[in-house]
Structure formats: C-alpha cells, structure tokens
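Reviewing the structure listed below.
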Amino acid sequence: MLAWPQLSQAQVKFPTGMFLNSLFAAGLAMLLFALAGGPNLAARLLQNWPLRALGVVSYGVYLWHVPAMMAIRHWADPSWPGVFRQMAAFGLTMLLAGLSWVLIERPILRWSRSADRGHQSPARSP
C-alpha cells in the first residue's frame, strides 16, 4: 500500500487500474488478517454472525452478483433511483446465493464428506 503512488506512475503492459485495485485489495486483506489475529475489536467485528454468514455464501455471491445485476437492469423500472436498483440487486444476489448454498453447495459438501468416509482404503500390508 505504501507503493501505491509509485506504482500508479509505472509503465505496465496490462490494465493499470486492475493491477492497482488488486494490489489495494491484497494490502487490505493483509491488514485485516493482521488485525484479526488477536482478541481485539477487529477480531470481534469479523466474528459477528452477518459477516460469518456472508463468508458461508461468499462463493454464491461471487457467482450470482452479475446475473442479479443484469436481471435488475432488465426488469426494474428505469425511473427507480439507482440506490433502489442497487438494493434490489443486492437482495436478489443474497437470495440466490443463499438458495445455491442450501440447494447445491451444502448437499454436495455433505455427499463429498460421506464419500470420503466410505472410500477410506485399509492400510496395505507389505
């Protein structure tokens, strides 16, 4: 993060904005990781139930946020203020992510755990 000003002036052969955003996100992730290491305010904030629930469905959020935004753009009344469309897209994203967790991800995880227990091979004797 300290290198942000220098990197913004650097000549790179790929999209600079994407690189700088990724660098910033990595720095922020490292900062959060360091702060969450002990019994401090950041650790308590990161352990509250909404953030833990978001962590559970985060892959679904990643998968569904673009289709949800496109659906809201297509179906929402254009006269709606942007914040209402964003709130609708957020709600739809969370609904789809929750449903995919309950109906797809969790059953697959349960199945894979049971399959792992059932396929443990006995130790071979030489």
Condition first: loosely packed, with under 13 Cβ neighbours inside 10 Å and either of a type in the set (A, V, I, L, M) or farther than 28 Å from W101 by Cβ (or both). Now tell me which residues in segment 64-81 satisfy that. V66, M70, D77, P78, S79, P81
Residues that are among the hydrophobic types (A, V, I, L, M, F, W, C), surrounded by 10 or more Cβ atoms within 10 Å (Cβ to Cβ), in a helix (DSSP H, G or I) and modelled with pLDDT of 85 or more: does segment 26-43 have at least one? no
Filter pass, A68 being at pLDDT 85 or above and either not in a loop (DSSP other than H, G, I, E, B) or not assigned by TED's automatic domain parsing to the domain that holds R106 (or both): yes
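The values are calculated or read from the model by the stated rules, or taken from the named source; none is laboratory data. Since the structure is predicted, the reported quantities are computational estimates derived from the model, not experimental observations. With ideal geometry, Cβ positions are generated from the backbone for all residues, glycine too; neighbour counts draw on all protein chains shown.
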